[in-house]
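Here is the structure we will look at, set down as structure tokens.
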Amino acid sequence: MKENTYNDDDIKVLKGLEAVRKRPGMYIGSTSSRGLHHLVWEIVDNSIDEALAGFSDIIRVFINKNNSITVVDNGRGIPTGIHPKTGVSTIETVFTVLHAGGKFGGGGYKVSGGLHGVGASVVNALSSFLEVKVCQNGFIYSVTFKNGGKDIEKLNVVGECDVEQTGTSVTFKPDPEIFTETTEFDYDILKTRLRELAFLNKNLKIILTDDRKEEKVQEEFLYEG
Ligand SMILES: Cc1cc(C)cc(-c2cc(NC(=O)[C@H]3COCCO3)[nH]n2)c1
């Protein structure tokens with residue numbers, strides 16, 4: 001029986017991610033530059049939740065050379081075990097199961113306010129590449145996705161980190177098949193919103209780094225309260 005349900009879940013996952021790719025506007029508002037930057041807010045939102053829970057106080061956002069984004073926090077790290085309901089790692093579950101949660105429960109998402117921490121699978125569905133790395137118990141665990149989350153390199157240990165250290169890092173590259181207008185991130189859009197998020201979340205340090213040019217550009221936002 002386990003085998004059969006696994007297949008059903010597998011198909012459900014693929015259908016969920018495919019649904020997002022078919023109607024991205026339903027999940028992120030548009031596939032213009034606005035929708036592109038919305039992906040960053042969906043991921044950063046999760047690290048902010050971890051800071052609100054009191055477990056993270058630094059969030060780093062990198063604009064990488066190829067216009068992929070890396071978001072790193074020093075929170076507890078997404079749990080690295082097997083998810084009880086899906087039978088696959090919790091990390092894989094977070095990035096592949098479409099949470100019908102939304103702001104109004106059911107399908108009706110209030111896009112502008114963000115998906116409130118259920119958007120990770122949406123970002124994965126709309127990315128040609130996405131890698132999650134979690135530092136926990138002195139190990140670096142990794143799960144990698146390609147082609148809108150279809151091809152998965154399952155949870156495995158790829159390195160070591162300081163035993164005392166914990167945190168989550170997510171790198172994603174928006175899919176040019178979806179974002180046909182532009183896949184280039186705008187430093188000022190990211191800077192403005194990240195500064196606002198630091199202001200709204202006192203004592204949370206947010207560091208934005210742009211690694212696309214020879215000269216690295218970096219700004220730090222911290223509002224003490
Ligand atoms: C960048 C990014 C993206 C996503 C989807 C989650 C996270 C994330 C998730 C967490 N922490 C958790 O999930 C908590 C949840 O409670 C158990 C311990 O781990 N920290 N950071 C960070």
The range 52-102 and the range 132-151: distance between their alpha carbon centers, rounded to Å: 9 Å
Only Lys, Arg (+1) and Asp, Glu (-1) charged, at Cβ; the chain dipole about Cα centre in debye: 640 debye
Give me the dipole magnitude in Debye, nearest 20, for the range 9-95 about the Cα centre, with unit charges on the beta carbon: positive for Lys and Arg, negative for Asp and Glu. 400 debye
Taking N as the number of residues in the chain, what is its alpha-carbon radius of gyration divided by 2.2 N^0.38 Å? 0.99
Sequence ranges 151-163, 44-56, 78-90, ranked by mean other-Cβ count within 10 angstrom, highest first: 44-56, 78-90, 151-163
Applying the Karplus parametrisation 6.51 cos²θ - 1.76 cosθ + 1.60 with θ = phi - 60° to the phi angles of the range 140-150, what ³J(HN,Hα) value in whole Hz is obtained for each residue in order, glycine and proline being reported as x? 9, 9, 9, 9, 10, 10, 9, 6, x, x, 6
GNM on the chain, Cα springs under 10 Å; top mean-square fluctuation among LYS133, LYS213, LYS191 goes to LYS213
Given the DSSP H assignment, sum -39500 (n - 2.57) over each helix run of at least 4 residues in the chain and divide by its residue total; what's the result at 222 nm in deg cm²/dmol, nearest 500? -10000 deg cm²/dmol
With a Cα-only, solvent-free Debye model of the range 1-71, what are the log10 I(q)/I(0) values at q = 0.14, 0.22, 0.26 Å⁻¹? -0.68, -0.97, -1.06
Quick one: what are the phi-derived ³J(HN,Hα) couplings along the range 173-186, Karplus 6.51/-1.76/1.60 with θ = phi - 60°, whole Hz, x for glycine and proline? 10, x, 6, x, 5, 9, 9, 6, 6, 7, 10, 9, 6, 9
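Using the structure shown, list the pairs from LYS15/LYS191; LYS173/LYS205; LYS85/LYS133; LYS22/LYS205 with a Cα-Cα distance above 32 Å, or answer none. List each step's numbers first, then the result.
On the way: LYS15/LYS191 35 Å; LYS173/LYS205 24 Å; LYS85/LYS133 22 Å; LYS22/LYS205 37 Å.
From the list (LYS15/LYS191; LYS173/LYS205; LYS85/LYS133; LYS22/LYS205), the Cα-Cα distance tops 32 Å for LYS15/LYS191; LYS22/LYS205.
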Taking amide H positions as placed in the peptide plane 1.01 Å from N, state which residues far from SER30 in sequence (5 or more) or on other chains have amide H under 5 Å from it. GLY35
Please enumerate, by chain and number, the aspartates and glutamates with C-alpha under 20 Å from the C-alpha of LYS216, excluding those fewer than 8 residues away in the same chain. GLU184, ASP186, ASP188
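Laboratory data are not the source of any read-out in this text; all were calculated from the coordinates shown. Here the structure is a predicted model, which means the values were calculated and not measured. With ideal geometry, Cβ positions are generated from the backbone for all residues, glycine too; neighbour counts draw on all protein chains shown.
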